[in-house]
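No value in this document is a laboratory result; all are computed from the given coordinates. These numbers come from a predicted model, not from an experiment. Quick reminder, even Gly has a Cβ in these numbers, built from the backbone with ideal geometry, and neighbours come from all protein chains shown.
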Amino acid sequence: MSGFFGQPPLWVAGRAPLVRRVVAGLEQRRQRVQVVTLAELAGRWPGACRTLVLADPPAPMELVTSLLAQPGLRAPRGAPLRLILMHQADPAPPLPDLDPEGPISLETFALEDRAARALLGRWPLHCGLDPVFGQVPHLLVAGFAPPARALLVQALRLMAYGEGRPRVSIVGAEARVSADFALAYPQAGQVAEVAWIGPQLAGLAQLPPVTLVLVCPEPAVADAVATARTLAQRLAADQGVSPPILLEVGDETPGGTLADWDGQTFPFSYLDEACRPAVLFDGLGDQLARTIHEHYTDSIAAQGRDPDREPAGRPWSRLTASYRDANRHQADHLWAKLAVMDCRAIQEERVESFTFAPLEAEQLAIIEHLRWAADRHLDGWRYAPVRDNARRHHPQLIPYPDLSEPMKDLDRFAVRGVPTLLARSGLGVVRILIVAIPPPAADCPADARLARLAVQVLERLVARYPDRSLVIAATLAEPASRLVARLALDRAGAGLFLLCERPLTETLADQPDAAARLDLLGLATRAERRIALPRPGELERWVRQRAGIRLYVRDGPAEVETQPGADRPGTAKQVRLDPKTGRAEWGFEY
């Protein structure tokens, strides 16, 4: 037992390795916790305990039934005892039916599925692409050990960023694995182009650029880090890209400092991720799902109907798993919708009210229909002119333009309500303002004079655009751009897009010394996006199309573009920082 004695005790029982992970997470936040054996649990009820975690125990049906049969079962102070049953993956094991008003509140917790949601919430599919620039997700999965399948299915649910067809490439999986997946998800091909490719990665150069990599090696793989680095080298050589690589390391703890890593590979343990208290106990990712559900029940009540009489309208604690998951999937995709609209969510008190423009709402409605259809397809539903729940037939599994106006209105209603949903969760929507830093000269001084000048300009931009969230976009190849980017992150609360016109390894190799490489690595790990732009002229085209302001760091006159072009919606505003004179030249009123 550890922690503060003023807290109600929390009991954990089950398989020892998983119990240790749960306890480790609880002790980090100084929670009072007691480990008991299953035999001890069968002989006594935990008394004042408010929460009991069963960590993937054998025979969960018999265990829960025996707990319910104990004569001492009662809820302290009238509150139900919270029973969390951890199991490996969905679907949950068979369990006894519980009285919703009884003394136990039972929750099932699928380790792989919850970890997949948490990981792809931290590393969304758009972390490696820019959907507004027309880029499409291409997920590369190497190895199919847990939680690869859960991660793949969750990614398929979240791949709708527009009408471009996303892609999944699965490397080196055995024929049995691909056959099992096809049997479980026969409609996956309706969601994305799913291809199983050999371990030699033949034809990689001809595929669309990979935007995110998941490495889930089998236990027999001796060096998982080496596997990830080999993939990074192939992607750099064949496609000229360096997407984020998420590496499942299991019980291993990779060593080394930041300087020993490549700025591209990010190790994780899905069991540790699932056992984080924020995920296991606090429902990380479920707050918004609950808000969506409450918003739905409120809308039912406003129509004069009784939500409790409808299966999807019951309180969250009494909602079936399928309806809970539907709310979760809609909530998880909300961040993709914001990315498509160049928006982000911040604390509500910092922003004014927000609404999407009619054309934006229509674009998001198309994406919402794609998301909904993907969720249905992954659950085995197919198109049929008449709905049949038993056979999983649905007449709305058709392209958005073919929907009736009332059906389109359902999608429109869902996306128009996004700002309201976020507001009910204490968040507000704000548009981003991209400030691109074209590459400065290599000898441009990154000194105190430039720092003072950059801070002045950033403060003025924040004051000039109080309703926008700044995002710095730069290659970070030069020390001057890194200095400005760091000041923007630290002093102006800006975000960072790393623009990769070539693989990150090449940019690192060109740095003059170890300190410069470490400087670049540190900033790269803070980038919320790394956008691959490897084709000739693609970096310049991205800046023309996407930057609201171009921030030049150089001496001499600013570069004013006068060439016409169909891909240029208009000349961006420009600011020039001259570190030699310590002056800023503004090309617009600030």
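Before moving on, here are some points about what is shown:
- Ellipsoid semi-axes for region 10-109, based on the Cα gyration tensor and the rule √(5λ), read 20, 17, 13 Å when sorted largest first.
- Summed residue charge, Cβ within 14 Å of Ala24's Cβ, Lys/Arg positive, Asp/Glu negative: +1
- Taken along its three principal axes, the alpha carbon spread of the chain comes to 85, 57, 53 Å, from the longest extent down to the shortest.
- Neighbourhood net charge (15 Å Cβ-Cβ; Lys/Arg +1, Asp/Glu -1) for Ala336: -1
- Look at where the Cα atoms of region 319-353 and of region 112-141 average out, and the two centres are 15 Å apart.
- Of the trypsin sites (Lys or Arg not before Pro) found in region 218-307, those that fall in a DSSP loop while having at most 14 other beta-carbon atoms within 10 Å are Arg305.
- Crossing angle, helix 358-378 versus the chain [Cα axis fit, 0-90 degrees, rounded to tens]: 40
- Whole-Å distance, taken between Cα centres, linking region 268-283 and region 478-543: 31
- The chain, relative contact order in percent, only Cα pairs under 8 angstrom and at least six apart counted: 12
- Ile300 versus Ile398: modelled label distance in nm, points set 7 Å from Cα along the beta carbon direction: 2.8
- Only Lys, Arg, Asp and Glu carry charge here, each on its Cβ (+1 for the first two, -1 for the last two); on that basis region 286-425 has a dipole of about 480 debye about its Cα centre.
- Sum of -39500 (n - 2.57) over DSSP H runs of 4+, divided by residues of the chain (222 nm, nearest 500): -11500 deg cm²/dmol
- With Cα atoms, 0 to 90° folded angle of helix 321-340 axis to the chain main axis: 10
- Calculated over region 166-208: convex hull of Cα atoms, volume per residue (Å³): 54
- Computed from Cα atoms, the angle from the helix 479-492 axis to the main principal axis of the chain rounds to 50 degrees.
- Shape index of region 412-513: Rg/Rh, with Rg the Cα radius of gyration and Rh the Kirkwood radius from the inverse mean 1/r over Cα pairs, equals 1.10.
- Summary of the geometry: region 145-168 and region 386-459, compared by the centres of their Cα atoms, lie 18 Å apart.
- Three-way shape call for region 286-425 based on the alpha-carbon gyration tensor, with the a/c threshold at 1.5: oblate
- Estimated distance in nm for a label pair at Leu183 and Ser425, the labels positioned 7 Å out from Cα along Cα-to-Cβ: 3.7
- With an a/c value of 1.5 or above and a/b not larger than b/c for the gyration tensor axes a ≥ b ≥ c computed over the alpha-carbon atoms, region 101-204 is described as oblate.
- In region 286-425, Cα pairs under 8 Å separated by at least six residues give a relative contact order of 25 percent.
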